[in-house]
Every structure is written in structure tokens, then in C-alpha cells.
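What follows is one structure encoded as C-alpha cells, with my remarks underneath.
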Amino acid sequence: MCGIVGTRDAFFSKTKRFCSASCSRSYSSNSKKASVLARLQGKPPTKKAKVLQKASWSAKIGAFLSTGGTGNVADGTSTGLDGMVLGFDWGKYITEGDYPAAPVSCFRHVPLFDQWDEIAEGMKVESLSKDAVLPCQVYWISSVVRLAGYRALLQYEGFEDDPTHNYWCNLGAVDLHPIGWCAINSKILVPPHTIHAKYDNWKEFLMKRLVGSRTIPAEFHVKMVENLKCSFREGMRLEAVDKLHISRMRIAVVDTVIGARLRLMYEDGDGSDFLWCHTNSPLIHPIGWSRRVGHKIKIKEEKRKESSHRPALRKLYCDYGDAVTELFKPVRIVYPKGIWFEEGMKLEAIDPLNLGNICVATVCKVLLEGYVMIAMDSNSFADDSGWFCYHATSNSIFPAGFCEKNKVELTPPIGYTVGEFSWKNYLKKTNSKAAPALLFNTDSPNHGFTPGMKLEAVDLMEPRLICVATVVRVVQRLLRIHFDGWDDDYDQWTDCESPDIYPVGWCELTGYQLQPPVAEEQPEEIQKPKGIKKKKKPFGKRQMSAKKSYSIEYKKGIVEDSWGKNLTAFCKAKMMDIRLVRKWRADYGNTSQQVDNGNAKKSKCGSGRQPLFSELEDLICEWVIDRRAKALVVKRAQIQEFAFAMAPQFGTAPEEFKASQHWLDNFLQRSELSFKNLLNTV
């Protein structure tokens, strides 16, 4: 009834007319609405009441793109053009910084990548006029001045000498059409009101401008909509990597589909346990894959029938069954005969727990169909919880010596520093051998990426987030992605054909929220301390706590306590940033060596660096105690106001001392002032 094509056995009801139970219910509901409408109009009800026409998928997408619809899914991930709503504009960002953007043809998994060579600067389109005084919608001819991914900088014909009227838009928007569309659809071409009197004969002007020009293909938007369709459906079951235990798989159910990105809900979870990934991701496989290749999978404690009674999964189980093998991206067929991977072989691999590091690694187990389980030698786990599954053709594993050959920093094993590590000595010491170089995928396509290009990239440590990013380095087919506004510690290595990178404008096109760069905080000029305003948190990634100073011994202790434990749960219990702990793990060898040599920083845990304004803090402490002795209540804001007012008397400029909340917390700790017994602060 809705136009979905498939085999008869895959459809519902006795008549096999519905693709899902929800489709059947929708048909029934619409039939009742039509029947009620007929009665209200005085018409006799019939058994064959006319079903209200459902909007087609392409019509919904068109309406969505034209209205800039927004929405939210259950885990807080917003959809729609929220990046624009919240103030981020790709066009303004690229124009002000004069940044290049990666062309759509670089991304093999996005719509129209293979036809983007037909889109070029200088081509003409018919676009909705924003400079018109008529009550109806009118159009005008625009030229593509600049391309940035899916976005284009357009210029109205007649404004060649005035770039102030240029505007950015997404080429996938429904308000852009090929030349001739207005004539076919009886739409009006009206020159912008600002330059309406510039030419007497606009028809002649357009004829001269359009002779020999190019335009977008006639079926551009139709093909765009077709390419945006996803074969996965809500309710399909599959196997996905357990994000809390990366060496095993779990059964998951497709909960949401947005632009070929899937939000998966673990079948044995509590309803709030989700994983985001692309349909081409190597993290997902069809049901039965783990058993077939010999991979570890978490056994469900309850049967599917029992699980379907849980509210979180009830609606999903009534639609589709298991996702078929044809929906998943096929891997290259390998023949593990003769020379092949063996347990104990050494290689280099991208750390799945810290994607900015390429580490010395070990083959721990050889599975079937070309898959191997690999562990990073820079991490020490008491069991197999740190193993990760790679295919032999994966672009995330490399032969020994890859980093040295390409001048990439290699994270050494535990007990080694970067300067002292040598593959030759390490293989001899561990009595192991390196995996033969011929086993690795060394193809290096002409991908087109260059350093400095802007794109949209998934933060694979929080895969629900897609952020503004930059390609900062290219090593053969390997890209180093930097998230704009964030430290280099958050950079990650990814393949040029990874499904987790997208061209500029992809989020806007599909309705997925884009995380804008974190802006640098500008110092505020404060003339008089009338009150300390709370700084707004930058929108986007989850905020980290303020920086603290940790001693070498403390870092070593945290790392050793985390061995053999679930790192996510461990960091949550310790209230620490998981990335910080991962960084300490990677540097454990150097840290341990410093402690052994007696170079550890001897400081009280949590004390941090010494105060920079000791005399000022002594005065503030005396002032607080004096007010408390007079039975006066001292508020935190009053302490900040007093400190800010007294700072100039000690030669401290306002730019150096802001009496921030972070300083106040440290001051109270250093002065050993108790809120309850001493300050009565509020």
C-alpha cells in the first residue's frame, strides 16, 4: 500500500498488502478518518472508504528541507538544521577563514558522489528570489561562485559588481532548479528589486548570460532523494560491537535511521543503551555472524518473546525481523592459505580506544573468513576485554615499520618510551615475528583529500556527535582528523573511505545535528565587580571539568587500578574524563619509569600548583574570618567581589585575575575554610 517492494513472505496481514504492522495500523486509521469525514459531509459511508493519501518519502524530504524541520530522538541527539538555528553557519565560517572544503566526490558513501564532477563553479541555476516585493514566490537566475561540499555560494545575475548580495545555500535544497524549470512549471522569473532598474531589457540580458552556460542535471533532486533512501528499517535486528566490552558482540535493534546512520539499541539493555554507526560500518554484522566466524558474543539471558514485552522494545519487534546479509557492506574475500596471520605476530594498528594513536599490537586470535582479534601492547588487560576484531583487509592495521616509514608517531608497548623503542630489539626480546607485509591492504587510491580541507566528521569516542573538522595530515590513504576548537589530543586517524566522514552540508541535507566548533572564550572588560556572571558552556560536545594538576604517582596509580576493568565504568565511578585516562595509559611506560627514578612530583593529591596571588588570598582569608566573627553571612559572590576589588592594590591587572568560580573553589580548599563551620556561605 505504501509502495515498498519486496517478497510476498516479508509482508503482513492475510492479504500481504502491508510492509509492516505499523503500516497496517496507519492504513486502518486513515480509513476510519476518511469514513468519519464522509459522514460529516453528509455522504453515506461505504465499506470501501477512500484512504487519505499518504505523502511520499520524497515529498516528506522536500518539505523537510524547505521548512528546515527539526526534531529530537530519545538519547538527546537533535535532528534537523539545529546547527544553523544555534548560530553556526558553514558559509560564514568558510568565507571568513577562506577555508577549502573537501569535494563531495571524495566521499564514496554519500549521495551523488559519482556525479559531482558535473557540478562546477560558473554553472547557472534558478533559485528562489530573496529580494522581491511581490506577494507570491518568484525566482531568478543565479551563478555558482564557489563550491564547498554540498553548499554553494550563489550570486544573482546582475550583481556581478556587488558581492554583498551573494548567499550560501545547500544544493540539495528544493528551492534550486535547473535552467528552464520555471518555464515548464509556469513560475515567474523576476529580477531582484534592488537592481530592477539597472537594465531596460532583462530578457535580452538573460539571453546573453545564458548562452553556452551549464546547469545542474534535470533529475538532480530526484537522484538525490533516491540516494538518501536507506535499506535498513526500524526494528531490524543485527549484531553490533559491545561499546562497553569491545572484544564481544551483542544483539541490537535498529531504533532510528537518519541519512544512512543507525541508532542501535542493545536488545539486552535497559532501553537507554545506544550505539550510533553508519550502515557501512565494520562494527555491525548480520545475525549469526559471530557464530560463523568464531567471534565472542554476549548470550542473552531472556528469550526474544520475553524481551518483546519490555516497553522499550515492544514497538520495534512488531515491524521487521533480522537484517539480511545483503544490507551490510561486503568485505573483500581472502584465502587464508599458505602465509597467513598467526597468534603472537606483531603489527601496528589504530587503537580503537584512542583513535589518535597508532600502537604496537599483537595478533591474539585468528578467526574465520579473514578476521583476526588484535590487542594493543600499550594497554594491559588481565583478560581479553581489550581485544578488537579487524578484517585482514582493514585499513586500520599496518605492517611493522609503517609509522617509521611515514614519519608517524608510534605508541610503544608498556615499559618503552618513544625514543628507545626499536622493532628489531622488541621482536627479539619478545621472541616473536612481525606479520608479513603482503598480508596487509596497501591500496592507496587517488582520494583527493589534502591538508586543510574542511569536512564533517563523527567523533568516534562519542559516535552520536558529528562535528566541524579539518584534515590536518594525509598519509597515503590515512587521514588525521582534527575537531575545530578542540585540543590536538582529540584528533583521530581515519581511512579516506571511512563512512564516518562527510562533506560540508551533509548534516543540513539529511537533518542531522552538526556540532559547531568550540569558540575561544574572550576576556570580559569589568569596570566594577557588581557580580560575577556565570560563563555559558559552549554548545556541542560534553563539557569536561576544569583542568587539574595530577602528580606522576597519582597517574600511575589510576592506570594500574584501571587494568582489567571496564574503563567506561571505572572512569564514571572515579568521575574522571575517559580520554585523560586513556592518554595516561598510553604514556604508562614513561610514567612508571619516572616514578622508579624518583622523579615523581611530591605534592598533596588535589593541591595542584601553588597560588599565584598568595598575599591577596591572605587578605581575603582575614576578611572572611573577620566578617564571620561579627556573625555576618558571607556569600560566594561577596568573596569574588572583594577579591576583584582588592586585586589592583597588589599590582594585579584585571586581565590576570578574574576571581572566577574555579579560583574560588581552589582558594577555599587551600585556605582550609569550611562552608558549614566557618563561612556560613550561600
Asp273 open to solvent by 20 Å² or more (accessible area, probe 1.4 Å), touching a Phe, Trp or Tyr at 6+ places or on another chain (Cβ under 7 Å), at pLDDT below 95 and farther than 21 Å from Ala375 by Cβ: yes
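Taking the range 247-268 only, how many residues are in a loop (DSSP other than H, G, I, E, B), open to solvent by less than 10 Å² (accessible area, probe 1.4 Å) and over 25 Å from Arg332 (Cα atoms)? Steps first, please.
Here is the first cut: in the range 247-268, the ones in a loop (DSSP other than H, G, I, E, B) are 247-248, 259-260, 267-268.
In the following step, the residues that additionally are open to solvent by less than 10 Å² (accessible area, probe 1.4 Å) were identified as 247, 267.
If we keep only those that are over 25 Å from Arg332 (Cα atoms) too, we end up with 267.
Counting residues in the range 247-268 that are in a loop (DSSP other than H, G, I, E, B), open to solvent by less than 10 Å² (accessible area, probe 1.4 Å) and over 25 Å from Arg332 (Cα atoms) gives 1.
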Number of the condition not met by Phe388 [criteria: (1) under 30 Å from Arg261 (Cβ atoms); (2) in contact with a Pro (Cβ under 6 Å, 6 or more places away or on another chain); (3) surrounded by fewer than 18 Cβ atoms within 10 Å (Cβ to Cβ); (4) not aliphatic (A, V, I, L, M)]: (3)
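A quick yes/no check of all residues on (1) open to solvent by 20 Å² or more (accessible area, probe 1.4 Å); (2) closer than 30 Å to Arg585 by Cα; (3) basic (Lys, Arg); (4) within 27 Å of the chain's Cα centre (by Cα):
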site: Ile333; (1), (2), (3), (4): yes, no, no, no
site: Pro336; (1), (2), (3), (4): yes, no, no, no
site: Gly344; (1), (2), (3), (4): yes, yes, no, no
site: Leu347; (1), (2), (3), (4): no, yes, no, no
site: Cys359; (1), (2), (3), (4): no, yes, no, yes
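Tell me, please, whether a residue that is polar (S, T, N, Q), open to solvent by less than 50 Å² (accessible area, probe 1.4 Å), touching a Phe, Trp or Tyr at 6+ places or on another chain (Cβ under 6 Å) and modelled with pLDDT of 50 or more can be found in the range 553-566. Break it down into steps so the answer makes sense when it comes.
At the first step, the residues of the range 553-566 found to be polar (S, T, N, Q) are 562, 566.
Okay, now just the ones that are also open to solvent by less than 50 Å² (accessible area, probe 1.4 Å), so 562.
Checking the rest, the ones that are also touching a Phe, Trp or Tyr at 6+ places or on another chain (Cβ under 6 Å) come to 562.
Subset that is modelled with pLDDT of 50 or more: 562.
Yes, some residue in the range 553-566 is polar (S, T, N, Q), open to solvent by less than 50 Å² (accessible area, probe 1.4 Å), touching a Phe, Trp or Tyr at 6+ places or on another chain (Cβ under 6 Å) and modelled with pLDDT of 50 or more.
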Members of the range 462-520 found to be among the β-branched types (Val, Ile, Thr), in contact with a Ser or Thr (Cβ under 8 Å, 6 or more places away or on another chain) and either closer than 12 Å to Gly356 by Cα or assigned to a loop (DSSP other than H, G, I, E, B) (or both), listed by number: Ile481
Complete set of residues in the range 168-178 that are open to solvent by 30 Å² or more (accessible area, probe 1.4 Å) and either part of a strand (DSSP E or B) or touching a strand residue (DSSP E or B) at 6+ places or on another chain (Cβ under 6 Å) (or both): Trp168, Asp175
Pairs with Cβ under 8 Å, 6+ apart, first in the range 353-368 and touching a residue at least 24 places away in the same chain (Cβ under 8 Å), second small (Gly, Ala, Ser) and in a strand (DSSP E or B): Ile358/Ala349; Cys359/Ala349; Ala361/Ala349; Ala361/Ala375; Thr362/Ala375
Residue match in the range 215-223 (condition: among the β-branched types (Val, Ile, Thr), within 17 Å of His278 (Cβ to Cβ), touching a residue at least 12 places away in the same chain (Cβ under 8 Å) and crowded, with 19+ Cβ neighbours inside 10 Å): no
Flag if Thr164 is farther than 20 Å from Pro217 by Cα and in contact (Cβ under 8 Å) with a residue 12 or more places away in the chain: no
Conditions (1) in a strand (DSSP E or B); (2) surrounded by 19 or more Cβ atoms within 10 Å (Cβ to Cβ): number failed by Pro191: (1)
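The values are calculated or read from the model by the stated rules, or taken from the named source; none is laboratory data. Please read these numbers as outputs of a predicted model, since none were measured by experiment. When we count neighbours, we look across all protein chains shown, and the Cβ atoms used for this are built from the backbone with ideal geometry, even at glycine. Surface accessibility is based on the protein's heavy atoms, side chains included, excluding ligands, DNA and RNA. Shrake-Rupley method; radii C 1.70, N 1.55, O 1.52, S 1.80 Å.
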